[in-house]
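Input: a single structure, listed below in C-alpha cells.
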Amino acid sequence: MPSFFDSWLPFFYLYGIGGLFFVLGLVIIRRSGAIDMKKRKHRFWFRVLIGGFIYFALIHALGIIAALYW
Amino acid sequence: MEQINSNLESFHNIGTTTDWVVMVAYFIAVMLFGSYFGRYNRSTKDFFFGGRRFAWWLIAFSIVATGVGSHSFVKYSAMGFKNGFSSTMTYINDWFFVPFFLFGWLPIIVYTKIRSIPEYFERRFSPSARFLATILLLFYMIGYISIGFLTLGKAALPLLPESFSLFGMEFQVTLMGVIIFIAVITGIYITFGGQTAVIFTDLLQGAILLFAGFLLFFLGVAHLGGFDIFWDILPTEWKLPLANFNEPSSFNFVGIFWQDGVAGSVGFLFMNMGLIMRFMATKSVDEGRKAATFNILFMLPLSAIVVGNAGWIGKALSISNPAEVPPNTVPDEIFVVVANIVSSPGVFGFIMAALTAALMSTVDTLINATAAVYINDVHRPIEAFLKVDQSDLKKTDRSELVAARYSSIVITTLGVLGVLIFRDFPTVYEAHGYFHSTLTPPLVVAIFLGLFWKKFTPAAVITTFVGGVALMIAALHYPNLISPFDHGIEMNPERPYSYIRALYNLFVCVAVGVTVALSSRYLKDAAGRIRNSEYSRIIIYSIVSLSVLLFTLILFNLGNEPLLLFQALLLIVTVAVSSEYLVKYDEIAQTEGLTVWSVKKAKEFFKGGKINDREGEVIHVHWKLKEFDEDVLYFSKNDMAKMQAEVGDLVYICDKRKYLGGLKSVHSVFGEPHEEDGIVYMNEENRLNGQFIPGRVLTAEKEM
C-alpha cells in the first residue's frame with residue numbers, strides 16, 4: 001500500500017493551498033463588484049466557479065480511491 | 001536501436017513509407033486550409049486578433065491544439081512512462097486562478113483595448129515598467145517557442161534515419177538539424193497565415209488531435225489484451241493521479257504544484273499572449289469566459305489522457321513484454337515507440353502527423369503572439385520616438401503588417417537558438433519546468449498585484465522586476481537559498497530545485513513588491529528630499545548608476561553569498577528610490593478601469609458612455625448597402641426595441657450560419673433608427689470587414 005506521502009497528502013495540499021488561492025479570488029471579485037450577484041448571468045458564473053472546484057476535487061479523490069482500492 | 005548512454009536506448013527509422021506519405025499529405029492539407037483563412041486578414045488587428053468576432057465553441061476547440069501542443073505529448077508521455085497517471089497533474093490544477101482570470105484579467109484586457117501585456121504596464125504604471133515587462137515577456141515567449149521546437153525535434157528524430165546521402169555526401173541527422181528544418185516550415189506558414197489562419201487550423205486540429213489521442217489509447221489497451229489487463233499490470237503507485245509529495249527531485253508533487261499549478265497556471269492564463277489573443281478574438285467577454293471555462297473543465301482533462309496515455313501503455317508493455325518496449329527506452333521517445341507498436345502503417349503516420357501538427361500550431365500561435373508584442377511594444381514606440389509620419393492609417397497598417405511578418409522570421413530564429421539552453425535537460429518536461437520556475441514569477445507577481453491591488457505603485461512594480469530578478473539570480477548562484485522552501489525535496493546538484501525554485505522566486509518577488517508598495521510614504525519623502533537638494537540631478541544619476549553597477553555585480557557573482565545578498569538588498573533600495581523620483585504617477589487616473597476594483601469603469605471606457613445592461617433579443621435581419629462614412633449600423637425602431645438598444649449602444653452582427661462561428665461578423669454602433677423592419681443599413685467598410693454575402697440573413701444583438 002502506498003504511503004500517505006504518495007496518496008492523500010498531495011490531495012490535501014493541492015486543495016488546501018490551492019483552495020486558499022481560489023477563495024481569495026472569489027472574495028476579491030465579489031468585494032470589488034467585478035462579479036455582480038444581482039445579475040442572473042453572474043450568479044450562474046459564480047455557481048460554475050464553485051462547481052468547477054468541487055468537480056476537480058472529485059476527479060482527484062476518485063482517482064486516488066480507484067488506484068488504492070480498485 | 002542505439003545506446004545513447006550507458007542506460008537508455010534510442011530509436012531511429014521508425015515508421016514506413018506509407019506513414020511518411022500520410023504525414024506529408026496531412027501537413028500540406030493543414031497548410032492549405034490555414035492559407036485559405038489568411039485572406040480574412042485586412043489589418044494588423046485581423047492578423048493578430050482575428051478581429052474580435054468568434055463564437056466561444058470555435059475558440060474553445062482551437063485552444064485544444066494550443067494546450068496539447070504546449071504541454072506536449074512528448075513530455076507527458078515521457079512522464080507517464082516514468083511515473084504513471086500522475087503525468088496528468090499539470091492538466092488538472094488550473095482551476096484555482098480561474099476566478100481571477102474570468103472576472104479580473106479577461107474583462108480588463110478586453111475593455112481597455114490593450115493589444116499586449118506590456119501596454120497594460122504602461123497604462124497602469126509607466127513607460128519604464130512597460131519596457132521592463134516587454135523584455136521579460138519576450139524572454140518568456142521566445143523560451144516557450146524554444147521548448148516547442150525542442151519537443152518537435154525530439155518527436156521527429158526517432159522517425160528519421162541516423163544519416164542520409166545527398167549528391168554523394170553523407171549527412172548526419174541531428175536534433176538541431178531537424179529543428180532548423182521544422183522552423184523553416186513553421187516560419188513560412190505563420191508569416192503568411194496570421195491569427196485567423198491559426199484559429200481555424202487549430203480548430204481542425206483540436207478535433208483530430210482528440211480523435212488521434214483516444215485512438216492510440218484504445219489501440220494500446222487492445223494490444224495489451226483489454227482494460228482489465230492494462231489496469232492490473234500497472235503498480236498501484238503508477239495509478240495515483242498525484243505524484244509522491246516530495247520525491248524524487250525530478251518529479252514530485254509539491255515542486256510541480258508551485259511550478260505548474262501556481263506559476264505555470266497563472267503564467268498560462270495571464271501571460272501567454274498566444275492564449276490571451278485567442279480569448280480576445282471571441283466576440284465578447286462572456287464568450288471568452290465560456291471558451292476558457294469549457295476548455296479548463298472538459299478539454300484539459302481529456303487532453304491529459306490524449307498526451308499521457310502512450311506513456312502508460314508503454315509502461316504496461318515494458319512490464320508485460322520488455323522485448324517489445326525495453327524498460328530503459330529514452331522517455332522522450334516513448335510516444336513514438338508505442339504509437340508505432342500499437343498501430344498499423346498509415347495509422348501511425350496519421351497519429352504522428354496529427355500530434356506533431358498540433359505542436360506546430362502551438363509554436364505558430366506563440367510566434368504570432370510574440371510578433372504582436374514586437375509590433376506593439378517595440379516597433380510602434382520606436383516609430384513614435386523617431387517621429388515617423390503615421391497620419392496615413394492605411395499606409396501605417398500595411399507597413400506594420402510587413403514588419404510583423406519579418407519579425408516572425410527573426411523570432412523563429414531566436415526560438416531555434418534558444419533550444420541550445422534547454423536541450424541538455426534529461427527530459428523536455430524538466431526543461432519546461434525549469435523554464436517556468438525561472439521566467440514566470442516576476443511578471444506573474446507584477447500582473448497580479450497590479451491588477452488586484454490599487455496601492456501597487458510604479459516604484460513597486462519596477463523594483464519587483466529588477467530586485468526580484470536580482471534575488472532570483474542570487475539563488476541561481478547559491479541554490480541553498482531555496483532550501484527553506486524545499487518541503488523536504490532533495491537537492492540535485494546538477495539541476496538544483498528545478499520545480500520548487502518557483503516558490504522561492506514567487507516569494508522574493510511578492511516580498512519585494514509588497515514591501516516597496518507599503519513603503520511608499522518613506523520613498524516619497526526620500527524622493528522629495530532629493531528634489532529639494534541643489535544637487536538633485538547628480539544624486540539621482542549616481543543612484544541610477546549604482547543600481548546598474550549592483551545588478552552587473554549580482555549577475556556575474558563577483559563576491560560571495562553574504563556580499564551578493566547585501567548587493568541585492570541595496571539594489572532594491574536604490575531602484576525603489578530612483579523609480580519613485582523619476583516616474584510620474586497619477587494614482588487615480590492610472591488605476592481607474594485598470595484594476596479589478598473598477599471593471600465597470602473599464603466597460604464604460606470601452607463603450608465610451610453609460611452602459612445599457614437591459615437584456616434584449618437576438619434578431620434576424622437582411623442587409624443593404626448605403627453610402628456614409630461613420631462606423632454605425634442603422635436598424636428600424638422596432639428592431640432596436642426588440643434588442644433593448646439605444647442610439648450609441650454597441651452592436652454585433654453576424655452571418656446567421658452558426659457553424660461559421662462568427663467568421664463573417666462585425667462590431668459597430670447603433671445609429672439613428674429608420675422605419676423598415678428586418679433591414680440593417682451598412683457601409684462598404686463594414687460589409688468588407690464582415691465579409692457578408694449578398695442575400696444571406698444576419699443575426700444582430702446588442703453587445704452593451
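Any read-out appearing in this document is the output of simple, stated calculations on the displayed coordinates, not a laboratory observation. Owing to the predicted nature of the structure, the values given are computational and were not obtained by experimental measurement. Using ideal geometry, Cβ is built from the backbone for each residue, glycine included, and neighbour counts are taken over all protein chains shown.
Consider just the alpha-carbon atoms of the range B:561-616 and return their Rg together with their Dmax, both in angstrom.
20.3, 66
Please compute the average number of Cβ atoms from other chains found within 10 Å of each residue's Cβ in peptide A:57-69.
If you average over the peptide's residues, the count of other-chain Cβ atoms is 4.
Roughly how many Å is it from the Cα centre of the range B:112-137 to that of the range B:500-551, as a whole number?
Comparing the Cα centres of the range B:112-137 and the range B:500-551, I get a distance of 20 Å.
Under 5 Å between amide hydrogens, which residues at least 5 positions from B:HIS674 or on another chain qualify, with H placed 1.01 Å from N in the peptide plane?
For B:HIS674, whose amide H was placed from the backbone, the distant partners under 5 Å are B:PHE635, B:SER636, B:LYS637.
Could you state the number of Å between the C-alpha centres of the range B:638-696 and the range B:566-608?
The distance from the Cα centre of the range B:566-608 to that of the range B:638-696 comes to 39 Å.
Greater than 28 Å separation of Cα atoms is the criterion. Which listed pairs, A:LYS41/B:LYS642; B:LYS455/B:LYS601; B:LYS387/B:LYS601, meet it?
B:LYS387/B:LYS601
Percent of Cα-Cα pairs more than 23 Å apart in the range B:440-582, please.
39 percent
When the Karplus curve 6.51 cos²θ - 1.76 cosθ + 1.60 is applied with θ = phi - 60°, which whole-Hz ³J(HN,Hα) does each residue of the range B:114-130 get, with x for Gly and Pro?
Karplus values, whole Hz, x for Gly and Pro: 6, 9, 7, 5, x, 4, 4, 5, 5, 6, 7, 10, 6, x, 5, 5, 5.
Let me check against my output: what whole-number percent is the relative contact order of the range B:2-428, with C-alpha pairs under 8 Å and at least 6 apart?
Over the range B:2-428, the number comes to 39 percent.
Do you know the relative contact order of the range B:572-704, to the nearest whole percent, from alpha carbon pairs under 8 angstrom that are 6+ apart?
Relative contact order here is 31 percent.
How many partner chain Cβ atoms sit within 10 Å of a residue's Cβ in peptide B:241-251, on average, as a whole number?
For this peptide, the per-residue mean of nearby foreign Cβ atoms is 4.
How many nm is it between the label spots at B:MET169 and B:ALA222, if each spot is 7 Å from the Cα in line with the beta carbon?
Between B:MET169 and B:ALA222, the simple spin-label model gives 4.6 nm.
Could you tell me how many cubic angstrom of Cα convex hull volume the range B:207-355 has per residue?
137 Å³
How many partner chain Cβ atoms sit within 10 Å of a residue's Cβ in peptide B:99-110, on average, as a whole number?
5
Tell me whether the range B:67-131 comes out rounded, prolate or oblate; compute the Cα gyration tensor, take square roots of the eigenvalues as a ≥ b ≥ c, and use a/c under 1.5 as the rounded threshold.
prolate
Could you list the square roots of 5 times each eigenvalue of the Cα gyration tensor of chain B, that is, the equivalent ellipsoid semi-axes, sorted largest first and rounded to whole Å?
41, 37, 23
Could you tell me, in Å, what Rg and Dmax come out for the Cα atoms of the protein assembly as shown?
26.9, 86
Could you let me know the centre-to-centre spacing of the range B:232-300 and the range B:74-92, using Cα atoms, in angstrom?
The range B:232-300 and the range B:74-92 have Cα centres spaced 12 Å from each other.
Under 5 Å between amide H atoms, partner at least 5 residues away or on a different chain: which partners does B:PHE54 have, H built in plane at 1.01 Å?
B:THR282, B:LYS283
Over the range B:440-582, what is the mean sequence separation of C-alpha contacts under 8 Å (at least six apart), divided by residue count, expressed as relative contact order in percent?
Taking the mean separation of contacting Cα pairs over the length of the range B:440-582, I get 37 percent.
Taking +1 at the Cβ of each Lys and Arg and -1 at the Cβ of each Asp and Glu, which of B:SER391, B:PRO161, B:ILE375 sits farthest along the dipole of chain B towards its positive end, judged by Cα position relative to the Cα centre?
Sorting the options by dipole projection puts first B:SER391.
Averaged over every viewing direction, what's the projected area of the C-alpha convex hull for the range A:8-69? Give it in nm², one decimal, please.
Spelled out: convex hull of the Cα atoms, projected over all directions, averaged, 4.5 nm².
For B:TYR535 and B:ALA323, compute 0.36 nm times the residue count separating them, minus their Cα-Cα distance, and round to one decimal in nm.
The span from B:TYR535 to B:ALA323 would gain 68.4 nm if fully extended.
With the Cα gyration tensor of the range B:201-241 giving a ≥ b ≥ c as the square roots of its eigenvalues, does the rule (a/c under 1.5 for rounded; else a/b larger than b/c for prolate; else oblate) give rounded, prolate or oblate?
Taking the square roots of the gyration eigenvalues as a ≥ b ≥ c, the range B:201-241 is oblate.
Of all beta bridges DSSP finds with both residues in the range B:2-428, what is the antiparallel percent, to the nearest 5?
DSSP beta bridges in the range B:2-428 are roughly 75 percent antiparallel.
Peptides B:271-279, B:385-393, A:19-27: what's the order by average Cβ count within 10 Å, highest mean first?
B:271-279, A:19-27, B:385-393
Can you list the residues, at least 5 places off or on another chain, whose amide H is less than 5 Å from the amide H of B:VAL651, using H built in the peptide plane?
When sequence neighbours closer than 5 places are left aside, the close amide H contacts are B:SER668, B:VAL669, B:PHE670, B:GLU703.
Give a residue-ordered list of calculated ³J(HN,Hα) values for the range B:534-546 (Karplus: 6.51 cos²θ - 1.76 cosθ + 1.60, θ = phi - 60°; whole Hz; x for Gly, Pro).
Per residue, the Karplus-derived 3J(HN,Hα) values read 6, 9, 4, 5, 4, 4, 5, 5, 5, 5, 5, 4, 4 Hz.
Please find the FRET efficiency linking B:LYS394 to B:LEU558, where r is the Cβ-Cβ separation and R0 is fixed at 60 Å, and quote it to the nearest 0.05.
Result of the calculation: an efficiency of 0.65.
Could you please tell me the mean projected area of the C-alpha convex hull for the range B:612-702, averaged over all directions and given in square nanometres to one decimal?
Mean projected area for the range B:612-702: 5.2 nm², to one decimal.
Hey, what D do you get for the range B:475-514 in µm²/s if you plug the Kirkwood alpha-carbon radius into Stokes-Einstein at 20 °C and 1.002 mPa s?
So the translational diffusion coefficient is about 206 µm²/s.
Using the Karplus equation 6.51 cos²θ - 1.76 cosθ + 1.60 (θ = phi - 60°), what ³J(HN,Hα) coupling, rounded to whole Hz, does each residue of the range B:477-482 give in order, writing x for Gly and Pro?
Running phi through 6.51 cos²θ - 1.76 cosθ + 1.60 with θ = phi - 60° gives 6, 10, x, 4, 4, 7 Hz.
Quickly rank B:209-222, B:249-262 as a protection proxy: mean count of other C-beta atoms within 10 Å, highest first.
B:249-262, B:209-222
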